[in-house]
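Working notes, structure below.
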Amino acid sequence: MPGASRSRGRYRWLKWVAGAALVALLIAEGVYLWPRLHDSWLVLTEIHWGWLAACVFAQAVSLSGYGRLQKQLLHAGGVDVGQRTSVAVVYASTAMAVTLPAGQVFSTAFTYRETRRWGANPVVASWQLAMSGVIAGIGLALIGLGGAMLVGQSVSPVMLGLSLAALIGLVVAIRYVSAHPHAIEVAARWVLGHVNRFRSRPVGTGMATVRETLAQLESVQLGTRDGVLSAGWAAVHRVGDIACLGFACWAVGADPRLSGVLIAFAAGKAVATIPLAPGGLVFVDATLIATLTTAASIGASQAVAAAFVYRCVSFILVAIVGWIVFAFLFKGHQHEDLEFDVEMERREQREQIEHREQP
């Protein structure tokens, strides 16, 4: 298709920009940390290689757990995908998220597109992305509360109750919506009726789209088993990442307090969500160093070295592996995007027509 070829040629420069951005980020990370590493050089030269290997292994377990979470949520939506394929998407999307400007946008779009390739309809694909983010956010909040409790600080019972209630309420709401789509249709009809009357439109405007969305949503059946397994794999993802940070501390000879590691981890992840720099460059590093020094009660030189090791594994190593995975497994998909979008649009139109023609 000549049009597709021109489109690919027009955006070919984006690959070079992405590569240059990755190299620039890695250099910037080294430049930022080098003055501090100078004081921590002796600590790094005496690094414990066994703990470093454990650090890498823990990060691999963490990403594998996230792949399992993605796989389990898709299974609840009637889509089955292999673990290796799911983890490959996790690595590639993580590399985009931590290295590209506005990387989270590219990462989300990439995961959505690959999920659609696996056979997920738009609702299931979006639902999986949203649920993964919500579960991760609630888990991070609980980790922060756990760290505060371990360090002896008073934790508001209201905050703890709200976090647990949010998690339980989320599961209950999803199960109710999946099991009672007609109740949602009644509520949507009532809301649309008032909105359409306010906008001077026919009362039934928009209901066809609501019915099509609910028809797709009916394929999501988050049962007790899927819910428990999803929560379990989300815990594996977070615990593995926390263990990676703890092992990084032990690798440089530090003996951190568990409460401090939890607080440093939660603070670092929270700062990483601020869209100021890809991967939270500089901001996450400074946060980790500060919280490890204060909350984990380890020396400044050890905190700098531990943060460096953790970021090398969780940021730089994961980014390198992720882009390699992308180059070998997903690069060819980008050349098929236009044809894929056209085919998916035609398929969805056929499904909508068939659904409307059903009595």
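The values are calculated or read from the model by the stated rules, or taken from the named source; none is laboratory data. As the structure is a computational prediction, the values presented were derived from the model and not from experiment. Counting neighbours? That spans all protein chains shown, and the Cβs are built from the backbone with ideal geometry, glycine included. Just so you know, the surface numbers come from the protein's heavy atoms only, side chains and all, with ligands and any DNA or RNA stripped out. Shrake-Rupley method; radii C 1.70, N 1.55, O 1.52, S 1.80 Å.
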Which numbered condition in (1) surrounded by 24 or more Cβ atoms within 10 Å (Cβ to Cβ); (2) free of Cβ contacts under 8 Å to residues at least 24 places away in the same chain is the only one that ALA327 fails?
(1)
Does ALA92 fit the bill of being of a type in the set (A, V, I, L, M), open to solvent by less than 10 Å² (accessible area, probe 1.4 Å) and over 21 Å from PHE315 (Cα atoms)?
no
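Rundown of residues vs (1) part of a loop (DSSP other than H, G, I, E, B); (2) at pLDDT below 85; (3) within 25 Å of THR99 (Cβ to Cβ), yes/no style:
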residue	(1), (2), (3)
LEU222	yes, yes, no
LEU229	no, no, no
GLY268	no, no, yes
TYR310	no, no, yes
SER314	no, no, yes
Exactly one condition in (1) modelled with pLDDT under 95; (2) in contact with a Leu (Cβ under 6 Å, 6 or more places away or on another chain) is not met by VAL90; state its number.
(1)
I'd like to know if region 53-61 contains one or more residues that are modelled with pLDDT under 95 and either of a type in the set (Gly, Ala, Ser) or more than 17 Å from the chain's Cα centre (by Cα) (or both).
no
THR291 vs (1) farther than 19 Å from GLN59 by Cα; (2) at pLDDT below 90: all pass except (2)
